[in-house]
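The values are calculated or read from the model by the stated rules, or taken from the named source; none is laboratory data. Note that this is a predicted model, so its numbers are computed, not measured. Neighbour counts are summed over all protein chains in view; Cβ atoms, including those assigned to glycine, are modelled from backbone coordinates with ideal geometry.
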Amino acid sequence: MTFREKYWKIYLRVEGYISALLYPHAAMCPICGEMRLVDEKYALCEDCMKRLDALHVPHGACDRCLSPVRRGQGCNMCRSGRMKSIDRCYAPFNYRAEVRKLVHEFKFEAVGSFMPYLSLMMTEALVDRDYDYLVPVPLNEKRLLDRGVNQARLLADGLSEKTGIPVMEALDRKGYQKPQSATPMEKRAENVKGIFHANQDLNGLRILLIDDVRTTGSTAQACAEELKQAGAAKVGLCTLAVVYRDPKKFRQKKRRKKFMGHSNYIHKTNIK
Ligand SMILES: [Zn+2]
Ligand SMILES: [Zn+2]
């Protein structure tokens, strides 16, 4: 970034703050920083809204876990059993591009002007509402102190307001594990194994777990396993976004990597 661009960015920010003081019903678009009038459905600027629309979970995803499914084939995620204790997943977005920015903004700014919009999107994604309680995935104490708020609890409160399903903090979390985002994919299940504990009897209850993003599903699975152990009859999972990987693209990437590795090998042997 050149000095000029940096200066321009700072100018836009300052201008944003001044406008926010002058027009209290306006807010900065959390994605691109443009000023706009806030309303539940339009908490972002028009352009960002359009881009978000293109990032909805696509039709044709697995009904149960929302993972990509190739026509005529079963779902890899369901077959792997990685989310075996979860009966159904709901999420409005793919965790990509603008959605990443939005989730990041939400995580670190705690409550943004776009909070009602997020709960509205989650409510729309919840196609059936046969649940008795919403249970947020708990944060560990240290992170809760750092952030001051559990973002899963905020999402659960927003969803509860819209659906009338009460929130229950039925899970406790023990110990201080490394954040899942800093743990390699294949070690995530191990990282959260046995850290969640149900703090009450849930006999026969239908529980909807709430979290911000589902990546490998390991955290949700660890929670759901515990909820079922405590007697829950059904466990669903509602997140703002799921990491959606197009199996076709993933395979191409893998193949390219393999090929690159091979050409590096040839290169090295030639030097020798
Ligand atoms: Zn914007
Ligand atoms: Zn599936």
ask   = Taking the stated definitions as given, is LEU205 touching a helix residue (DSSP H, G or I) at 6+ places or on another chain (Cβ under 8 Å) and aliphatic (A, V, I, L, M)?
value = no
task = May I ask you to list the residues in region 50-62 that are modelled with pLDDT of 85 or more and more than 17 Å from the chain's Cα centre (by Cα)?
result = LYS50, ARG51, CYS62
request  = Take the residues in region 158-190 that are over 21 Å from GLU225 (Cα atoms) and of a type in the set (A, V, I, L, M), then tell me which one is farthest from the chain's Cα centre (by Cα).
outcome  = ILE165
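Pick out the one residue from GLU34, GLU46, GLU98 that is within 12 Å of ligand 1 (Cβ to nearest atom) and surrounded by 18 or more Cβ atoms within 10 Å (Cβ to Cβ). Explain how you work it out, then say what you get.
On the way: GLU34 fails: surrounded by 18 or more Cβ atoms within 10 Å (Cβ to Cβ); GLU46 fails: surrounded by 18 or more Cβ atoms within 10 Å (Cβ to Cβ).
Among GLU34, GLU46, GLU98, only GLU98 is within 12 Å of ligand 1 (Cβ to nearest atom) and surrounded by 18 or more Cβ atoms within 10 Å (Cβ to Cβ).
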note = By my count, helices (runs of 4 or more DSSP H) wholly in region 50-129 with at least 3 residues that are more than 28 Å from GLY148 (Cα to Cα) are 76-80
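Criterion first (buried (at least 21 other Cβ atoms within 10 Å of the Cβ) and within 17 Å of the chain's Cα centre (by Cα)) does PRO116 satisfy it? Spell out how you get there, then give the answer.
Working: buried (at least 21 other Cβ atoms within 10 Å of the Cβ): no; within 17 Å of the chain's Cα centre (by Cα): yes.
Against the criterion (buried (at least 21 other Cβ atoms within 10 Å of the Cβ) and within 17 Å of the chain's Cα centre (by Cα)), PRO116 does not qualify.
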remark   = Taking region 80-97 and keeping only residues that are of a type in the set (A, V, I, L, M), at pLDDT 90 or above and closer than 28 Å to ARG51 by Cβ, one is left with ALA91
ask   = Which ones in region 196-226 are more than 13 Å from MET168 (Cβ to Cβ), assigned to a loop (DSSP other than H, G, I, E, B) and either in contact with a Phe, Trp or Tyr (Cβ under 7 Å, 6 or more places away or on another chain) or without any contact (Cβ under 8 Å) to a residue 40 or more places away in the chain (or both)?
value = ASN203, GLY204
task = Could you check how many residues of region 51-94 are under 14 Å from MET121 (Cα atoms) and away from ligand 1 (no atom under 16 Å from the Cβ)?
result = 6
request  = Identify, from the list LYS142, LYS178, LYS162, the residue that is among the basic types (Lys, Arg), in a helix (DSSP H, G or I) and exposed (fewer than 12 other Cβ atoms within 10 Å of the Cβ).
outcome  = LYS142
